[in-house]
Structures are given as structure tokens and as C-alpha cells.
1. Spin-label point model (7 Å from Cα, Cβ direction): what's the B:N323 to A:E771 distance in nm?
2. Using a 1.4 angstrom probe with every protein chain in place, what is the largest-first accessible-area order of A:T89, B:T168?
3. For an R0 of 45 angstrom, estimate the FRET efficiency from the Cβ-Cβ distance between A:K347 and B:D307 and round to the nearest 0.05.
4. For an R0 of 22 angstrom, estimate the FRET efficiency from the Cβ-Cβ distance between A:A366 and A:D492 and round to the nearest 0.05.
5. Explain nothing, just the number: dipole magnitude of chain B about its Cα centre with +1 on each Lys and Arg Cβ and -1 on each Asp and Glu Cβ, in debye rounded to the nearest 20.
6. What accessible area per residue, rounded to a whole number of Å², is obtained for chain B using a probe radius of 1.4 Å?
7. In the stretch A:339-423, what trypsin sites (Lys or Arg not before Pro) fall in a loop by DSSP, with at most 13 other Cβ atoms inside 10 Å?
8. Could you tell me which of A:A423, A:A320, A:C404 has its Cα farthest along the dipole of chain A towards the positive end, charges placed at Cβ (Lys, Arg +1; Asp, Glu -1), taken about the Cα centre?
Amino acid sequence: MKLTIDGKTVTAKEGETILECALRHDISIPHLCTHSALSPFGACRLCVVEIEGMRGYPTSCTTPAAEGMVVRTNTQALQELRRNILALTMLEHPSACLVCDRRQLCEQYRPEAEKAGRTTGCHTCNNKEVCEVRVLAEDLGLSELPVPPSYHQRPLERAEPFIDRDLNLCILCGRCVRICKHQHGTAVIDFIDRSSRTHIGQAFERSLLDAGCRFCGSCVDVCPTGSLADRYAKWYGKPDATIETTCIFCDAACALELGAKRGKLITAKAVNEDVPICVLGRFALPEFLNGTDRLRMPYVRVGEVLRETEWKEAIKAMAAKLREFVGDGFAIVCDTASTIEDRHIFKKFTSEVMKSKNYIEIKPDARGVSRTSLPKGTKAALLTGNFIDAAQLKALELLIVQDCYPSAVSERADIVLPAAVFAEVDGTIPDSSGQKRPLRKACDPPGQAKAEWRIICELARAMGAKGFAYKSAGAISKKLGIPKTDLQVERDKTPEAARDPKLRRTYFRGHRIDEKVRGLQELLIDGGSSAGAAETEHKGNFQILEKHEIAPNTHEIVIEAPEVAKKALPGQFVIVMVDEKSERVPYTLCDWDARKGTITLVVLEKGQSSRKLVLLKAGDKLAHVVGPLGVPLEIKRYGTVALAAGCYGIGAIVPIAKAMKDAGNRVLTIAEARSHYLSYYREKLQAISDEFIQTTIDGSMDIKGHAVDVIVKKLKDGEKIDCVIAIGCPFMMMLTGQETKPYGVKTLAALNPIMLDGTGMCGACRVTVGEETKFACVDGPFFDAHLIDWDELRDRRAAYSAEEIHSLGRTEPVAPHHNDNHKCMSLHRTRNRE
Amino acid sequence: MAKEKIPRQPMPEQAPEDRARNFDEVPYGYTEETAILEASRCLKCKNPKCVTGCPVNVDIPAFIALVQEGKFIEAAQKVKEQNTLPAVCGRVCPQEEQCEKLCVLGVKDEPVAVGRLERFVADYERNSGNIKMPKIAEKTSKKVACVGAGPAGLTVAGDLIKLGHEVTVFEALQETGGVLTYGIPEFRLPKATVQAEVDYLKKLGVKFVMDFVVGRNSTIPELLDKEGFDAVFIGTGAGLPAFMKIQGENLVGVYSANEYLTRSNLMKAYLFPKYDTPPIKRQRVAVIGGGNVAMDSARTALRLGADVTIVYRRAREQMPARNEEIHHAEEEGIKLKLLNNPVRIIGDDRHRVVAMECIRMKLGEPDESGRRRPIPIKGSEFIMELDTVIVAIGNKPNPLIPQTMPELETSKWGTIVVNEETMQTSVPGVYAGGDIVSGAATVILAMGQGRIAAKAINEYLAKK
Ligand SMILES: Cc1cc2nc3c(=O)[nH]c(=O)nc-3n(C[C@H](O)[C@H](O)[C@H](O)COP(=O)(O)OP(=O)(O)OC[C@H]3O[C@@H](n4cnc5c(N)ncnc54)[C@H](O)[C@@H]3O)c2cc1C
Ligand code: SF4
Ligand code: SF4
Ligand code: SF4
Ligand code: SF4
Ligand code: FES
């Protein structure tokens, strides 16, 4: 069947749609709801085309290709239509970043997404680096929205294992619902409610867990937006390497696509999007391999203690000791989590070097339990996991453990060797039917850990043995005559554990997987492991009196802190520790009442520490609040003062506006919000400013643009501004500085680097201003915005992002009790374009 | 006599290979037997030189005699008559420069291990749980504020509470101890030891107000005029890190020793992610400086898994660190690059440290400090690849209080000027001691000055 698409003659297969045919021939047609693993749906309508002889614009995803058809996919009319369709779709999405005039500059300054609670724009969206919507918006040249968008005010759902849902980003493409149904026969999730309240969820308000979710992650994988996210991978961004390998948590041997960033494993998903994999394969692997307590170095026992040592020393020590146990007194015990190549080397070593017949290979049971006992008369043993009861080990004269995690067994060992396992090694592994499958190295092993065959080969060579000179796992497979193996991509049956998570394995090499992987503890199979959720303590003196989410992800918190309230001055900040284990984190004082002894903070949820803070309720107590800190802003009569405020700065600018006004200035306050629903404190600021202007990035309320646009316009118009003060995110403050500079207006920015003590003792808060180094906590927070090294500030603020992301990914699921205001924001807001 | 034959008893300690990777205390401490044996070496001089070497004049022969008799609790109380923090001093005092330096035995043989014995009796008393409360004089209804809960402030608090005054200690951080808590690492001074000393003061009735920054929450004049304090002692330490003012010093990966140590010690970053403060886990670390602070930073970095080199611009003989610390550091595998000075630090496009350029030095003529001045050797620059630089070249006094109290006289180094006989500042009723007066010095000097100040404050209050 032949047809013409965009002037190109192509051949369609029987039953193919126009979209499928076009994509197969590398002709791209925009589409959102269609996904390669799913049947057509026709919901997003972005794939509209023109077909000669047909009226209107049919959707290419639902129109079958037919002989002789002439299709155009890229006319101006179509692009216009698609732009409008996308703009409409974006009306219920935090879409401001898409239509922002400074999108390029923003991307340059911060290419990676910043962590946040609820996402309010691309720059705090976990999907940013891979977002299909963003690509579409760029391609279609979307630059404005027809009417103000709405925000659904849905709580961030993070009470479930592994999956975070921020349905405020959902565009109702239905991919998730359809894939779930496709994968499991019946859908766990569905469209709930009608018309404007439609959303993705489970019937009867059940949790995913109760609704029978298998945690196969398919929905997360197909979602085109940041709405559904893998909690662990969420903030790592896009992997810089992807590799396909085989899952060895069980012998279903699913084919996995792994993503790593700088050598660290961050994501795992099914290679075959048509058949689900289980929760272990989809969600557990990165957290398991990245565990902070992995064995990283070899250890040799000296008296009571296991002493860290170098490989050379460990091998030497082992070789010397093992010589005394040649014969059947030696045993090696491994299980099938070691590759065929590893096991071959173990066996060869046992018989050829140790002259023993005791090579013992355990096949784990359905739970993954590998346990056995040592043959009578064993004096020396090498174990590759937690396989033997402690009591039996007492009789041994020499115990060597080669493993990925410490265990009751390794604690008793004379020598402990760190093994690279699973996605850290190459090799071959048999599946349940005996078919051999490839294991391919996708990430770096921790510390000094090495592949198992390599360790034993080195040992054998140190003991003078011949025939252990292998250079790679491939060389061993070759020797063993293993032909080239293939991943198990096609399969006729869903693996058992992907049908029912209760059927998954619990152990890997004798270690409970759920002890290493937080989310699994919610998905209990049996009594569970001892590792419980971390207890939180709130026993400080600083009580939270009130707490409101005044705008999405923006929390106003009133705290009892009389010593701070008594002395606070505009521009100062406090350092807060939520509990005794928290970081010390600075927040600007937005208000205080010396008489009542209270202070008010506006807190944006970002990482672990702010999250801890915003998850507290009125009545809870903070462990420590120190302040007021920092040099208060110099309040004097300047003439006209322009205050530019964004995000938490809108709160922080309040006391400054008041004080500047009291000092006799004309106060011009400009609050910038990404969209109308993110604006707050309007009335408050209106009341205390001579002139108040709201800008929105998407133009949904008042003036479109950034705060500095207003200032620059006024300066251009010849209005006199004597001083500009900017408080907000570094990007916004940098912008303000850059654009007022040509006009030579004094511009101050309140810097917010990482701090520790806040009293000038540590220097963590160093910033470069002009040629000088300043401590933001005691010399600042206000500095000349024209002199600040903004790139350095950004990078210093991100100094610990990798560590923070790891700890965030591991945090326990939390119930969304902080969200008391779900009401929908009205669409009808004042709108008044410049 | 057989007695002279007994050698100085060595301190049992963790093997270097083990301790290099854990945060447990390095020396285990004496047993009762070794303590008695060591005590028996003391000649009980009639005119003991050692006592004059001790900045707080502990009655050394008397407490050692009690040890020899096995009266450990009594011995501890003897020490405490003069020294508020014996468990701390026994661990971190440079005894080789003080009491032990003057010990008569030291002329021909090795001196008596006064520090180890002091530590032993203090630990013994604490572990026995049998801590006797000293007599507290009748209440005077006079109120004293101590600013800073470091060794200087704690000493003043301990002395004055026993004299019947009401004492409040104001501390900016969330924990007490000053440098003892945030600076000196766990493996050298277990935090439980410091905490026990502070708990003892609390039991005596000292009030601690944490999270309180004097100068911000209240100024000193306000404490005196509005809050009803009759006298104030300033013991705010030398908490303002100095940097070298070379290129690249603000790159990510360059830390002041204060920050590096505070993260680890106060914020317990080494227990991350159980604690929220992220640790600085890097591979190749250079520590710049040659003092105790440099040693502590280097040994902490080592324990966090790094390969560590100390870069110092003079020779080994000039290193201000205690010999024992240098020795411990070397034993643990820390490399010393002596007679080398950093010239600039080099970063990548994300402002992260990747290397440091140094220049070799040679020693020239002695300078004002009497130490031979290091001179750069032209053309000897070289590059060290690394990912972390810890700057441990000293601390300056924290300027917050002088800034908020212009009438307080300070020197050109920013230290507070005092009358050394009384530790009184230019403002009547306001006293100061410790690092804020002497610049970065030692625990025992801070305590010694605290002692003097407490005595003077007591006299001042009596007159008031
Ligand atoms: C890493 C390191 C290792 C050291 N090793 C040794 C050693 O082995 N032996 C030795 O003798 N000495 C050593 N020293 C030096 C010794 O610790 C100090 O000399 C001693 O702690 C000084 O005591 P201080 O009481 O004057 O001040 P600090 O211990 O500095 O205490 C001052 C306290 O005041 C608080 N403070 C500051 N400003 C304010 C304010 N405005 N309001 C309220 N509170 C405030 C601070 O938070 C701090 O807690 C070391 C120092 C460091 C940094
Ligand atoms: S899903 Fe995220 S990245 Fe994509 S357009 Fe929406 S907010 Fe931006
Ligand atoms: S994780 Fe799998 S089972 Fe659960 S909702 Fe998503 S697609 Fe359905
Ligand atoms: S959650 Fe994602 S996949 Fe599901 S409907 Fe919304 S946007 Fe589509
Ligand atoms: S069923 Fe699960 S554990 Fe088994 S191989 Fe597949 S993904 Fe891995
Ligand atoms: S936060 Fe430590 S000096 Fe500024």
C-alpha cells in the first residue's frame, strides 16, 4: 500500500495508522497521548494532519493509512492549529516556563531542574530534561496562553511506595490508565470524577497499595509530564548512559534498561514496554546498589577488629592462609546471583588450587532464600553471601566472605572482600528455563569492589596456580564456549512477581532487600525486617502557631520565638533546625511581632530540610531557631525605592517595604510570580507601597514578564529610581542586577548561599563581590547586585546536590496532611496586558 | 630503689590502621594498675615545678599521691579544685609544654605522665557515677552572664556558681562546648566527655541559654542595663576563619577548617543520611597549615575515606601542632608536604576544585616570631591534582561583639584588650578571656584566663 506524506512516497503496512507509518519513515508528527506501547486514543489531537479529499483535520493516530492517500503534516495551518491545541492543553498545567520570554537565559543559568515539593514550572520539574511537552512547545513556537491557566491545587501524593504523583501537572492524556490496563488486564488507576474535576486516581479513594498496584512503574515510564515520578530517580535528571542488561533479583530474568549518571545507577525500567516487570526490577535496584553501607574495601581481621586494607595485602594474606587448608577441609559456597563465569572460576579454584570437592552452589528458593550447611569437617570456607548459620561458623578456622553488603557472616569473617555485583559486572546468567542471558556492566561498583571472578583469579595466581590469567568475563565465557546471548525481551507471560508483588523475592545473596530499599518496607510480604522508619523528634521550644500553604509549594509559618521577635530588623534572617539531626538552614524574616513573641517565615519546599519544615503542623515544635542574624538593611531616605520580589522574596520584602515607607521613601513594589495562582500577599503589599505592580511570567495577571522589566521600562521612560532591592531566587536577582546595571542604579540583592553557623565562624557562606570575598551571614545578606559573581553563587549553592538527592530519594513516604486548601482557583482573574 | 626503674607507662591506643577509618577515640586510657604504677613514679617534690607549669595550678603531687593510694575519686576531686574540665584537659592540653616539661624526672628520664593520670581520674569518677557535688557558697543574688560556652566561659561559670552567684551562659550554637564540640573531633575528645562536664555545671545550677547570639539577641550593654546582670564575661573565642587570599579560594571544595570540622563534629555529617547535613566525601584532600587544627582536619578527612596531604610552608620543626598529633597523623597515613606554599586553586567549569598550584619554599632568616622565614624558590611551581582544599591557617577573633559595642577597646588584631591581672576590659563590669583575648590559643590558657576573670568578677561583685 503506497501513499504520499509530505511529498514523500511511503509504503504502509496492513492496519497501520498514518502516524505509525510516518514515524516509521522518520517523518515526525507531534503527538502526546499516543505511545508506542499503546493503541491509539485520539485524545490530545496534536497529531492532526491534512489529507487531500478529506474535510477538516483528522487525527493521524486514529486514521488508517490507505492506498493513494496524500497527507500533509506540516502546513502553516496545521502548526497554528497545533499551537492552539497545545495552548489549551497547557491551561491546566504549570506552563509559565514554556511561554517565558527568558526561557533561553534561564536554561543557560540552570540547565538542571531544581528540587521542589509541588512543581510550579519547568525549572522545578523532575521531567524537565526529557519533557515531550517542552519540546513540542519549542517546536510549535508556543509563546502565550489564550486565557489565564488554572491550577488544580491537588496535594502532592507521596504516601505511596516508590511513586510520587503531582497531578497538578497531569494533562489527562490517559497514557497511564491505558498502559496499566494493557499491562495487567484491569487498570488500577483510572479517570476519576467528571468534567473539570477529572483526575487520575484509584476508585473509592483507595491508595495505590490498596487498589492492587503492582508497582511495575509502567505508568511512570509512559507519562509525558512530570506528573508521575520515580521518587528515587526524580531529581537526578537525565542519565548520561543507558545500558540494557538482565535482572538477577530472580530467575524470571527480565530485560532491564538501566540509566546511570556519572557512573552511578539512577534508573531501571523494562526494555519491553509491552510486558511489565516487578517492583524489584523497576524500583529497587538503584537504591540497593547505591546503599551507603555497601562493602567498599577489603578487610583483614587483626585480633578483635576487621581492619581495612589494600587488595594486595588482602590477597597476600588470603593466599598464605589458604595454603594451610588445601584438601577437602576447604569449601566454597555461592548462589546463582554470581555469574556463570564467576561460578566457573569458583569451581576451578576449589578443585584445581584447593584440591577440594566441596564447591557448593545454592539455588535460591522462591523467596530468594539461599541457605545451606557446610560439609562435616570443613575447616576453611569462602562464602559469597549470608548463607550459613552463625553457629556453624564457629567450628571454622578460616572464614572468607566475598559479598556486596556486610552481614552476620561477614562480621565473623577473617577476611572480607567487597564484590561488584549485578549491574556492576559483565557476565552470563541462566534464566529459569536454563536459557543463558547477558549481564552487562551499567555502573561503577562502590569503592574498591571488584568482579568476583577477578578476585578469585588474582587469589589463584597469588597461590601460584596456572590457568587463571583471564582479562575479562568475556574471555571466560569464550573459554566455556558460551555462544552470544540475548536479552529476554519478548516473553509470552508476565513474570509472576509483576503480576503480584507478594510473589517477589525477599533476599539477594542472603540479604533482605527491603532492609536496603525503603519503599519495599511498605509492601510487606511477611513480618518485615527490623529496619524501621527513622523516628522524628520534635521537642524544641519553638512552637509553630500557624501554618498555611499560601501559594502552591509556598508556606507561611508563624513560630513562637520571642528572643528573635524582640530584636528583628528588616532584611535579617534566622537559622532553623527542625530537629536535632537537621541541617542548619537560613530563612528570611518576613514579619515579627515583638509583643506576641512571634515571627513569620515564608518557606518554599525544596530539599530535605525545607521539606521537613513544611511537613510540620501547627502545634509542632522546632528544635532550634537562632536569630535575628545578618546585617539589617540600611533604611534611610533614598527617594524612590523599587523593590523587586519573587518566590519567598515576596514575603521577605514586606518588612522592607514598610520600613522604607516609614523612612519617607516613595516605595514601588513589584512582585513577580510565574502565574496568577502563585501570587500572594497582594493586598498586604498594596497597602504598604505607594505603587504596587504584579507581574506574571505567563501574563495571566497584570503585566507579563519579570519584575525587572517594570523597573527597566520606568527607567527608560525617564522615571527616577534611586535604589533597587531584589529578593528572590538567584536567577531573578541576577537578572535584576544585569538589567539595571546599564542605568547605574544602585541595586542590592539579598544572597542566600549555604550557611552553617550564620555567625561568621565557618565561611561556608562565602560569596565573591567585586574582587572581595564576603561572608553572607555577617557581611550580608545584602550586596551590590552589579558586583556579585552569580555563577559562583549558583555552583556553591549546588555543592551538595548529589548527596541531597540521594537522601531525598530514600526518605520515607509521607502523607499529605499539610494540604488543607484544595479548593480550585478560579479562572477569572483580572488580566491586563501592557 | 626499684622505684626509679619503672618506666613511663605507655598509653594503650587503637592501631593506626584501624583508627584511620573510625571516629572512636584513639587512646584507650590507663587501667587502674598502670595508673597506680605511673603514679608511683612521681617523686612528690616538696617544691613541685610541675605545678608552676600548669596554667591553672592543679596540685599535681597531691592528686598523684591519691592515685597511688588507689583513692581515685578523691584524686579527681583534688584536680577539680583547680580545673573545671579535667577530662578535657587530660586529653587536649599540651602537657609536654607545660607541667610535664618542668617535671624533675624529665631531666634524666621521662617526666611523669601527668596528663594521662588526670584523664584517668576524671574518667574514673565519671564512670563510677559517684560525682560528689562541691560545697556551694551561700547565694549572693548577684547575676553574671557568660557569653560563649567554650572552655573560658564554662570555667568562669563553674567558679562563680560555686561562689554563690547566679550564672547564665549564652551560647550561639545549638550545643555547648565551643571548639571542644564543633572543632576538636570525636576521636580526640569524645563529645560525651564534654557533655558530662557541662552536665556537671548544670547540676551545680548554671543556666544555659542556647541559640542566643549576644550582639544580635541582646548586646552586652543591654544585658547589663536591661536584663539585670551585674557583670558579663566574654568568652566568644576566635571563630572567624582566615583565608589565604589567593585565586580560586571560593571554589566549591575549598573549606575553612572550621566549616569542615563543624560539619563533621557538630552537625554529625559523618552519620549522613541519618543526620541531614551532607558530609564532604572526597577522594584527594590537601590541608593547608601546620597546627592542631590542620591535624584535626586532616585526620577527619582521612576517616571520611580520603587520601590526605598536609601542605605547610615551613619545616617540620616549625609546625605549631603538638608532636603527638603530628605523630598520630603520620602513623595513620597522612602525607606531609613541607616547605610548600599554595599559589592558586584551580577549578572546572562548575566551580569545583580540580587542582592546586604550589611553590616550593626554603628557610631564610628568622622573622619577628623567631621562626625562620620561608622564602619561595623561583620557578619551582607545580600542580597537585585534588578535589578538596581545607584551609587551616588560623582564626581571627569573632568581631560581632566589638562591632555592637564600640566602647569596648580592641587591638589591631581584633582581640579584646584586657588588664591581664583581672581580665577586665575597658568597660567596668565586663571581663573577657580565652581566644577572644589571646587570639587562637589553647584550651588551658582559655581556662586559666577564665580562672583569673572569675576571681576578679567575684571581687568586683563583692564591692558592688
Ligand atoms: C580544631 C581545633 C583543635 C584544637 N586543638 C587544641 C588542643 O589540642 N589543645 C588545646 O589546648 N587547644 C586546642 N585548640 C584551641 C582551643 O580549642 C581554643 O583555644 C579554646 O577552645 C578557646 O576557648 P574559648 O572559650 O576562648 O573559645 P571557644 O571554644 O571558641 O568558645 C566560644 C563559644 O562562644 C560562642 N560564641 C561566639 N560568639 C558568640 C556570641 N556573640 N554570642 C553567644 N555565643 C557566642 C561560640 O559559639 C563558642 O561556642 C584547638 C582549636 C581548634 C579549632
Ligand atoms: S511536565 Fe514539567 S518540564 Fe514538562 S512542561 Fe510541564 S512543568 Fe515543564
Ligand atoms: S505502577 Fe503499574 S500497576 Fe501500578 S498504577 Fe502504575 S502501571 Fe498500574
Ligand atoms: S498522569 Fe501522566 S500519563 Fe497519566 S494522564 Fe496524567 S499526564 Fe497522562
Ligand atoms: S520479575 Fe522482577 S525480580 Fe524477577 S527478573 Fe523480573 S524484574 Fe527482576
Ligand atoms: S554561615 Fe558560617 S560564616 Fe556564614
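The values are calculated or read from the model by the stated rules, or taken from the named source; none is laboratory data. Just so it is clear, the model here is predicted, and its values are computed rather than measured. Quick reminder, even Gly has a Cβ in these numbers, built from the backbone with ideal geometry, and neighbours come from all protein chains shown. Ligands, DNA and RNA are excluded from the accessible area calculation, which covers all protein heavy atoms including side chains. Shrake-Rupley method; radii C 1.70, N 1.55, O 1.52, S 1.80 Å.
1. Taking the simple label geometry, B:N323 and A:E771 are separated by 4.5 nm.
2. Ranked list, largest accessible area first: A:T89, B:T168.
3. For A:K347 and B:D307, the calculated efficiency is 0.75.
4. E between A:A366 and A:D492, to the nearest 0.05, is 0.60.
5. That gives a dipole near 300 debye.
6. For chain B, the per-residue accessible area is 41 Å².
7. Here the trypsin sites (Lys or Arg not before Pro) that fit, given the DSSP loop and packing criteria, are A:K355, A:K357, A:K376, A:K394.
8. Most positive-ward Cα: A:A320.
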